[in-house]
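A.B. asks: First the structure, which I've put down as structure tokens, then a few questions once you've had a look.
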């Protein structure tokens, strides 16, 4: 078991026992079309979704001091073990339950020091 998986299990167990802080969510991303060797579209592009668990929290001081910060921005943590693949600023996160339901932008995304999650800032809308 990896460290990210261990932290994921702990986070999910804690959330189930105490009703949070990690809630069901999904990423919303644009998926590029797939072309064959002749240039014909094999699979059309569109919108793709991936499930995950996310915590929405107050922005850190470093996030507040970073360029482009707006007072409505919050910090989010996506448990890495609950998301298939990586995360970037082209995605949005839709929180499906809990106190922060809605679609959130993704900005300043990075892995936390032990690679247990994706940490970033964003705002609703």
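The values are calculated or read from the model by the stated rules, or taken from the named source; none is laboratory data. Note that the coordinates shown come from a computational prediction; the quantities given were computed from them, not determined experimentally. Here Cβ is always computed from backbone atoms with ideal geometry, including for glycine, and neighbour counts include all displayed protein chains.
A.B. asks: Go through region 36-57 and report how many residues are within 23 Å of residue 26 (Cβ to Cβ) and in a loop (DSSP other than H, G, I, E, B). It would help to see each step written out before you state the result.
C.D. replies: Just the residues of region 36-57 that are within 23 Å of residue 26 (Cβ to Cβ), to begin with: 43-57.
Adding the requirement that they be in a loop (DSSP other than H, G, I, E, B) leaves 44-45.
The qualifying residues number 2.
A.B. asks: Let me ask another. Scanning region 61-79 for residues that are part of a loop (DSSP other than H, G, I, E, B) and free of Cβ contacts under 8 Å to residues at least 40 places away in the same chain, which turns out surrounded by the fewest Cβ atoms within 10 Å (Cβ to Cβ)? Step through it out loud before you land on a result.
C.D. replies: So the first thing to find is which residues in region 61-79 are part of a loop (DSSP other than H, G, I, E, B), and the list is 66-73.
Narrowing the set further to residues that are free of Cβ contacts under 8 Å to residues at least 40 places away in the same chain leaves 67-68, 71.
Numbers: 67: 5, 68: 9, 71: 7.
Looking at residues that are part of a loop (DSSP other than H, G, I, E, B) and free of Cβ contacts under 8 Å to residues at least 40 places away in the same chain, I get 67.
A.B. asks: Same structure, new question: So in region 80-106, with the set limited to residues that are within 10 Å of the chain's Cα centre (by Cα), touching a residue at least 24 places away in the same chain (Cβ under 8 Å) and not in a loop (DSSP other than H, G, I, E, B), which one is nearest to residue 63 (Cα to Cα)?
C.D. replies: Top of the filtered list is 104.
A.B. asks: Still on this structure, I have one more. Residue by residue through region 14-30, note down the ones that are at pLDDT 60 or above and either surrounded by 13 or more Cβ atoms within 10 Å (Cβ to Cβ) or not in a helix (DSSP H, G or I) (or both). Quick ask: steps written out before the conclusion?
C.D. replies: Pass one, region 14-30, residues at pLDDT 60 or above: 16, 19-30.
19, 20, 21, 22, 23, 24, 25, 26, 27, 28, 29, 30 - these are the residues of region 14-30 that are at pLDDT 60 or above and either surrounded by 13 or more Cβ atoms within 10 Å (Cβ to Cβ) or not in a helix (DSSP H, G or I) (or both).
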